[in-house]
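One structure is given here, and the rest of the page talks about it.
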């Protein structure tokens, strides 16, 4: 070698807690960069501008610098003016430093607090404690450009240069909506802008000055119910939830009738597509306004739904889903600009639609898998996602089966006499005294039961899915309906004669007729907002029977295919109401026999899966894998299905 | 090694003419694949479906198969039914084969005719014979999918699989507009579809059955004049040309006034943007209809324009271009969906906007470079692109300088009393007899001169750029205007007395006054469509003087910066009229001294550059390089500019 060897830079030992990682780094390295070199990401939106204050670390100086336990000055560069201001205001605890500012000048032991870590964990469900990695596909980057001089690069290039120099981002492109707003915002903000970057490679938004809250929306599009979850993509916080009926119900109750409408009606597809897009825009607006934001602040969206909802959202004709060989237009995940399908978020906002499985088992079930993780269990787990199109999963890490069952919308409160979606005023819990047939119930939005409140304070408005399910079980247990599901009119008279001490209302007949159909009164006229009694009719009971039988048959089918006669755990999921009480699901005969303590309720697992994919981009890849791996089980031939179905209609 | 060695396939020698490439290929290889392996691309849209008939090659059997000179059967697989049909109909010459069908079974000598080559050359300009490589970023691929069976992949995946298997395309994605139309078209066409693929990686269109004509539009957006060229992207043919005035002229004549309008008027930017987009849509429709197509058939577009036009097309505020330090929002090439800026082509159509150079020297000048190639010359070439914003280039392969000069719209027929754009009825050539002041002229759309036609047949409508230029020179040569540009009223009377033999018209005075300004009559009332004389006024002469002086000063500036006192070659370009006659450009003092035979006229070189980038994707990369490499020369300080400018105003 003829070239002179450069003098090696002095290196110092850096130890990082709580991971315990350690190694040598060159003198003068920022703590931020040192941690990165040792494999620990520290959050820093501003990349060293001392603006975001996300990168504070605790310096455990004593261990390494015993000669000076009052200061870390000897092993780190001196405290900056801005750090001093933070310390004095109490915004930074003593012994902390900005890791983007302090540079290694000697050996140091650092503790990176949880909130400063780039890859945090967030608890998704308070009840189960389920935690996920926070690694969103959207990241914010703050850059402060100098005023341009003659001969400087164009604005776009100057921003890309800053992203490269400060954050190491390479081959980044500007999406057109971000390009459009770039120069005006750059000038109005004197060069200090926050860039919203998708997947480390596409600038989709430019905001003036410093920002730290990118907002995303996770959406579950059910045949009957829509649920939207507004999330802070940096903290993982659930900011707001909004639900609504799917306005497509006007055009048909279930997926088959939606397909028919799209295929047979002129502009049918366009109408169905516009209806769902309008509803999604309204949901986004509603959720945003709850926390003082606008829909235009949304920069990322994940969406799940069954195959038909998926196609209708994408404005794809669902015709091929309605007839053999049931081939969708696209099965893999779809990434596009949200504006491409008419969503009025930020014009550069992205949309990720999770992959479909097969048949009608769609991206919603992929969401359920991400949320409940049957594919990571040793024992067999049965997951039943209750919806108008019910979807079931059975299996474990070795093999996972899925199928769908045409449940109908009854369990979501539709096609039920006084059904409604799970919203304030909906009856969600019901108890019937078998002796007196007296009824007590609880409505959403009120903690007390109906018998603990004056009638006029109850203001019931209808029955939601979980309420109708409990009502039917209680009516069966009280003898109001027989095992076959048929009303027993004699029971009313016999109970009335038994309840001598009853108050006036209890002595009234609970049995009534509505449009010439037998019905049972759940809430009397005085207890309702509308001033009309809320009832469950013979037809409602039949609809619930059809729904529960469909789910039961679906579970039997998967068990037979997997070769098991019992399952180890059952998870009930669904966006259809409050969480299902497992006791009632068993009592109704909706699920296979299983010890009550092995049955749990997961709420809207499909929606949770959408949230997971929104907050952790790695789970989008996992979703792609699992969607290809899960095996679809076809519904049995008609004759066999009828036999199984008829047997499942009665109550257990 | 424990595994058995596979028996090696027999190989045969294949020689390709006219390239002379040769090599061994495995028995059973198609001629298409064999040629590809030897580095010669053969066109095949259908990838072996015997549908496109583009891949015919001549088999020179005799040389290799002397034992059987009547048939190539022994060295190739037998002729297919479809080939036989083609031979019998005379659609394929004897001795030819489909290279996608015929397989190598022995040594063969093939001749690949020019029309079967994948990378053809096309002659861009008949006059100069300039040829370019035909390698468009858009390619068509025909695939014929089997009817799907239960369990098959989704439509999108099946198409991607076919693109991979038949054409070797990998990592292809579907753009949303193509996804939208995929399934319906696939079904209506029984699986046989033609895919329009951008850059080998994005499916942007799906068409039923076989197609072979992808259509693109190259557009030059000038401050005053718009020109659009509709091209067949497979053959390189120019299908149609359409030109129009830039409707933005309503909001200001030149780029500075457009910037002012965008900055100062409420919704000024939106109005300017909408106006140009509407005009481009109309041009696209007009050009398409000329050849029985629709604007929706356009799948690719390239666009050039100066920096301000570029920003207005992209709906970017041109404000920063109007004041120091003159930093554009984006300088590099921009790729986006044409629909993003409101162009109503195929919804998946792409748009490539060429890069800017610097200052006001924009993508139009990059187009000029691609067309005229000063950067590939040994000697110094001066290229003057005449437009409302004139752009000049000077240099060679070592160094290339550019600048812009505010020419004003006079040379495009705007701000001229009877100016009009180069359209039928425009006077494009003018001759004035210095003895009699009699005028003869030629209008666009008519091969004969005015003195060869009866007055009523002439129907002149105005004067276009090249006409006004010639008029001013001829008026100067005839003494109608003085060297300073001032009208000489005495001349008229003296000539009239001299022309005793004149017909009645010639004896009329050619000098007149219009709005109290001196004017010279070019076409008399009887010769015009409007019934009113067409004149050139004192003010028109002044405008032409200002324009030519601006260009002359620009050229001087570049020469000084390059350190040369003469140039070796001059190219005059511009979309402003018919091609400029070099003689008149010199006589007007618009260009530096140069031997007449070294001055040539290139027509709309910027538009030609857009066409080149449309037809050869490699030239897009070259454009990016050259845009960064060319050096921008600023206009001199005001005092110095004024001195140079004043000196350049007079006629030589």
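The values are calculated or read from the model by the stated rules, or taken from the named source; none is laboratory data. Predicted model, so just to flag it, every value in this text is computed and none were measured. Note: ideal-geometry Cβ built from the backbone for every residue, glycine included; neighbour counts use all protein chains shown.
Return yes when residue B:144 is more than 14 Å from every other protein chain (Cβ to nearest Cβ), surrounded by fewer than 19 Cβ atoms within 10 Å (Cβ to Cβ), farther than 26 Å from residue B:12 by Cα and in contact (Cβ under 8 Å) with a residue 40 or more places away in the chain and no when it is not. Considered against the rule, which asks whether it is more than 14 Å from every other protein chain (Cβ to nearest Cβ), surrounded by fewer than 19 Cβ atoms within 10 Å (Cβ to Cβ), farther than 26 Å from residue B:12 by Cα and in contact (Cβ under 8 Å) with a residue 40 or more places away in the chain, residue B:144 comes out as yes.
Here are the criteria: (1) away from chain B (no Cβ under 14 Å); (2) surrounded by fewer than 24 Cβ atoms within 10 Å (Cβ to Cβ). Tell me which single one residue A:385 does not satisfy. With respect to (1) away from chain B (no Cβ under 14 Å); (2) surrounded by fewer than 24 Cβ atoms within 10 Å (Cβ to Cβ), residue A:385 is out only on (2). Specify which of the listed residues (A:587, A:621, A:610) is loosely packed, with under 14 Cβ neighbours inside 10 Å and modelled with pLDDT of 90 or more. The match here is A:621. Can you spot a residue in the range B:236-253 that is at pLDDT 95 or above and farther than 20 Å from residue B:606 by Cα? No, there is no match, as no residue in the range B:236-253 is at pLDDT 95 or above and farther than 20 Å from residue B:606 by Cα. Do we have residue A:31 as closer than 24 Å to residue A:121 by Cα, modelled with pLDDT of 90 or more and not assigned by TED's automatic domain parsing to the domain that holds residue A:143 here? Yes, satisfied.
Let's see how each residue does on (1) within 19 Å of residue A:229 (Cβ to Cβ); (2) assigned by TED's automatic domain parsing to the domain that holds residue A:403:
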{"site": "A:288", "(1), (2)": "yes, no"}
{"site": "A:302", "(1), (2)": "yes, no"}
{"site": "A:318", "(1), (2)": "no, no"}
{"site": "A:333", "(1), (2)": "yes, no"}
{"site": "A:390", "(1), (2)": "no, yes"}
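Among all residues of the range A:244-256, there is at least one that is touching a helix residue (DSSP H, G or I) at 6+ places or on another chain (Cβ under 9 Å), farther than 30 Å from residue A:163 by Cβ and either in the same structural domain as residue A:389 (by TED's automatic domain parsing) or in a strand (DSSP E or B) (or both). Residues being surrounded by 18 or more Cβ atoms within 10 Å (Cβ to Cβ), touching a residue at least 12 places away in the same chain (Cβ under 8 Å) and assigned to a strand (DSSP E or B) are entirely absent from the range B:261-273.
Residues that are closer than 30 Å to residue A:237 by Cα and touching a residue at least 60 places away in the same chain (Cβ under 8 Å): does the range A:631-652 have at least one? No - not one qualifying residue is present in the range A:631-652.
Taking the range B:159-185 as the range and being away from chain A (no Cβ under 12 Å) and either in contact with a strand residue (DSSP E or B) (Cβ under 8 Å, 6 or more places away or on another chain) or buried (at least 18 other Cβ atoms within 10 Å of the Cβ) (or both) as the test, the residues that pass are B:162, B:163, B:166, B:167, B:169, B:172. Across the range B:444-461, not a single residue is classified as buried (at least 22 other Cβ atoms within 10 Å of the Cβ) and under 26 Å from the mean Cα position of the chain (by Cα).
Take the residues in the range B:335-364 that are at pLDDT below 95 and within 11 Å of chain A (Cβ to nearest Cβ), then tell me which one is surrounded by the most Cβ atoms within 10 Å (Cβ to Cβ). That would be B:358.
Can you pull out the residues in the range B:291-334 that are surrounded by fewer than 22 Cβ atoms within 10 Å (Cβ to Cβ), within 18 Å of the chain's Cα centre (by Cα) and either within 14 Å of chain A (Cβ to nearest Cβ) or in a strand (DSSP E or B) (or both)? Matches in the range B:291-334: B:333 only. Please work out which residue is nearest to residue B:372 (Cα to Cα), limiting yourself to the range B:429-439 and to residues that are buried (at least 24 other Cβ atoms within 10 Å of the Cβ) and touching a strand residue (DSSP E or B) at 6+ places or on another chain (Cβ under 8 Å). Selected residue: B:430.
The rows are residues; the columns are (1) part of a strand (DSSP E or B); (2) over 20 Å from residue A:57 (Cα atoms); (3) in the same structural domain as residue A:610 (by TED's automatic domain parsing).
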position: A:83; (1), (2), (3): no, no, no
position: A:88; (1), (2), (3): no, no, no
position: A:106; (1), (2), (3): no, no, no
position: A:132; (1), (2), (3): yes, yes, no
position: A:150; (1), (2), (3): no, yes, no
position: A:165; (1), (2), (3): no, yes, no
position: A:171; (1), (2), (3): no, yes, no
position: A:180; (1), (2), (3): no, yes, no
position: A:186; (1), (2), (3): no, yes, no
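Take the conditions (1) touching a strand residue (DSSP E or B) at 6+ places or on another chain (Cβ under 8 Å); (2) more than 14 Å from every other protein chain (Cβ to nearest Cβ); (3) in a loop (DSSP other than H, G, I, E, B); residue A:378 misses just one of them, which is (1). Residue A:153 meets the stated requirement of being closer than 24 Å to residue B:351 by Cβ, facing chain B (nearest Cβ under 9 Å) and surrounded by fewer than 17 Cβ atoms within 10 Å (Cβ to Cβ). Taking residue A:203, is it under 26 Å from the mean Cα position of the chain (by Cα) and within 20 Å of residue B:317 (Cα to Cα)? Taking the combined requirement at face value, the residue satisfies it. Being without any contact (Cβ under 8 Å) to a residue 24 or more places away in the chain and more than 11 Å from chain B (Cβ to nearest Cβ): is that true of residue A:211 here? Judged against the criteria, residue A:211 is not a match. All but one of (1) assigned by TED's automatic domain parsing to the domain that holds residue A:31; (2) surrounded by fewer than 18 Cβ atoms within 10 Å (Cβ to Cβ); (3) modelled with pLDDT under 80; (4) more than 29 Å from residue A:165 (Cα to Cα) hold for residue A:125; which doesn't? The failed condition is (1).
On the given criteria, is residue B:413 touching a strand residue (DSSP E or B) at 6+ places or on another chain (Cβ under 9 Å), modelled with pLDDT under 95, surrounded by 19 or more Cβ atoms within 10 Å (Cβ to Cβ) and under 30 Å from residue B:137 (Cα atoms)? Taking the combined requirement at face value, the residue does not satisfy it.
Going through (1) within 14 Å of chain A (Cβ to nearest Cβ); (2) surrounded by fewer than 20 Cβ atoms within 10 Å (Cβ to Cβ); (3) part of a strand (DSSP E or B) one by one, residue B:241 falls short only on (1).
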